[in-house]
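Here is the structure we will look at.
The numbers here are math on the coordinates, done by the rules we state, and not lab data. These numbers come from a predicted model, not from an experiment. Cβ coordinates were reconstructed from backbone atoms using ideal geometry, including for glycine residues, and neighbour counts include every protein chain displayed.
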Amino acid sequence: MSGLLDMILGYDCNVACDYCTITPAMRQRSLSTAEVVRHLQIGRQRDYDSVSFTGGEPTIRRDLIGLVRCAHKLGYKGIKLQSNGLIFAQSENVERLVAAGVNLFHISIHTHVEAAYEQLVRRQGTYPAMVAGLDNVIASGTELVIDVILKTDTYRRLPEAIAWLHARGARQVDLWFVSLSDGNRDNFASMPKMTEVIGQVREACAFARSHGMRVRSLHIPRCLLGSDHVHVHDPGAARVMVVTPEAAFELKDSKLTGQRHVPACRGCEFEARCPGIRPDYLERYGDAEFAAARGQQPQVPAVRLPVV
């Protein structure tokens, strides 16, 4: 048996993304070094063979190198670090992490346009560091996955972002659809309809296929992507245990994964393997898009927002 132990070390971060689900109160919470080590030990006892260190921003922790070394010593074959990449602008930081045992980096670039990036992360002067960090990880030869957010002010530039990443040498990209939860709960304007982003997603997938890239879509159900449904990735389908400062749970039970099926799902060719639609999305828009994809009438009402 194998699986991934997904360790959320803490919620604090060195940027303040405008779609972040982390609240100010959450930023004060983190796992202690001893707690992380204990969970790493338990994970190996339960046959988890990969671990992911994430947050918040894990690279702001002083004990990160030690935790990576601990995971390596315990026998984790896959050691992933998910980061905004700013600290990687100093190539020696990449070298230290790889030497300690990191063999997979995930870097969130959010969007590839400088002004849009810095407006999104709400910290001036960070774009050059993000790009330098990205280039340094690529130069290291370590496996790399780029995380790109699909939100109202980024999705239209997605095809250009994929081409930009390809030109820099990135070959794997994960597309995350913005969530209305916790700190981003009331930021309705940040979430477009899924059908609004499909054109750009399919264009990005076509570019990836023709240029030897792997692009995965994590939250848009297969029924909306047509022949591009092969690009859908359901992380919760694997054995993934999430450890947070508050609790531990299976990823399939996370509010950031699909959980609900609507009437239109019945009889869909993907029904057996589709985890469903996220509750936050259904609360915002209802099931009209999915009913239309199946030629049915919607039955889940969308949220009625006040007119301002």
Original post:
Mind checking which lysines have their C-alpha under 27 Å from K77, skipping anything on the same chain fewer than 8 residues away?
Top reply: K252
**OP:** Between S30, S254, S181, find the one with the highest GNM mean-square fluctuation for the chain; connect C-alpha pairs within less than 10 Å.
**Re:** S254
Subject >> Positive minus negative residues near A16 (Lys, Arg vs Asp, Glu; Cβ under 12 Å) >> reply: -1
Original post:
Among 262-269, 108-115, how do they line up from the highest to the lowest mean number of other beta-carbon atoms within 10 Å?
Top reply: 108-115, 262-269
Original post:
Dipole of the chain (Lys/Arg Cβ +1, Asp/Glu Cβ -1, origin at the Cα centre): which of I42, H211, A237 lies farthest to the positive side?
Top reply: I42
Original post:
Using the 10 angstrom Cβ neighbour count as an exposure proxy, how do I87, I277 rank, fewest first?
Top reply: I87, I277
Original post:
Among the Cys residues of the chain, which have no other cysteine Cβ under 4.7 angstrom away?
Top reply: C13, C70, C205, C223, C265, C268, C274
Original post:
Between L86, L180, L64, which gets the highest mean-square fluctuation from a Gaussian network model of the chain, Cα cutoff 10 Å?
Top reply: L64
**OP:** Could you tell me the largest-minus-smallest coordinate of the C-alpha atoms of the range 209-301 on each of the three principal axes, in descending order and whole angstroms?
**Re:** 43, 39, 23
Subject >> Listed residue (P58, A71, L251) projecting farthest to the positive dipole end of the range 4-258, Cβ model >> reply: A71
Subject >> Dipole-positive endmost among Q296, M191, C268 within the range 189-308 (Cβ charges, Cα centre) >> reply: C268
Original post:
Which chymotrypsin sites (Phe, Trp or Tyr not before Pro) does the range 123-211 hold that lie in a coil by DSSP with at most 13 other beta carbons within 10 Å?
Top reply: none
**OP:** Before rounding to the nearest 500, sum -39500 (n - 2.57) across all DSSP H runs of length at least 4 in the chain and divide by the residue total; then give [θ] at 222 nm in deg cm²/dmol.
**Re:** -9500 deg cm²/dmol
**OP:** Quick one: work out the % antiparallel among DSSP beta bridges in the range 161-308, nearest 5.
**Re:** 45
Subject >> Total formal charge among the other residues, if their Cβ is under 12 angstrom from that of S108, Lys/Arg +1 and Asp/Glu -1 >> reply: -3
Original post:
Which entry in (1) 62, 48, 41; (2) 67, 55, 37; (3) 55, 42, 41 matches Cα extents along the principal axes in Å derived from the coordinates of this structure?
Top reply: (3)
Original post:
Build a GNM of the chain with springs between Cα atoms under 10 Å: which of A167, A247, A71 gets the top mean-square fluctuation?
Top reply: A247
**OP:** Evaluate the charge dipole of the chain about its Cα centre and quote only its size in Debye, nearest 20, assuming +1 on the Cβ of each Lys and Arg and -1 on the Cβ of each Asp and Glu.
**Re:** 400
Original post:
With Cβ to Cβ distances under 12 Å as the rule, what net charge do the other residues near S2 carry (K, R +1; D, E -1)?
Top reply: +2
Original post:
Measuring from label point to label point, each 7 Å out along Cα→Cβ, what is the A237 to A99 span in nm?
Top reply: 4.0
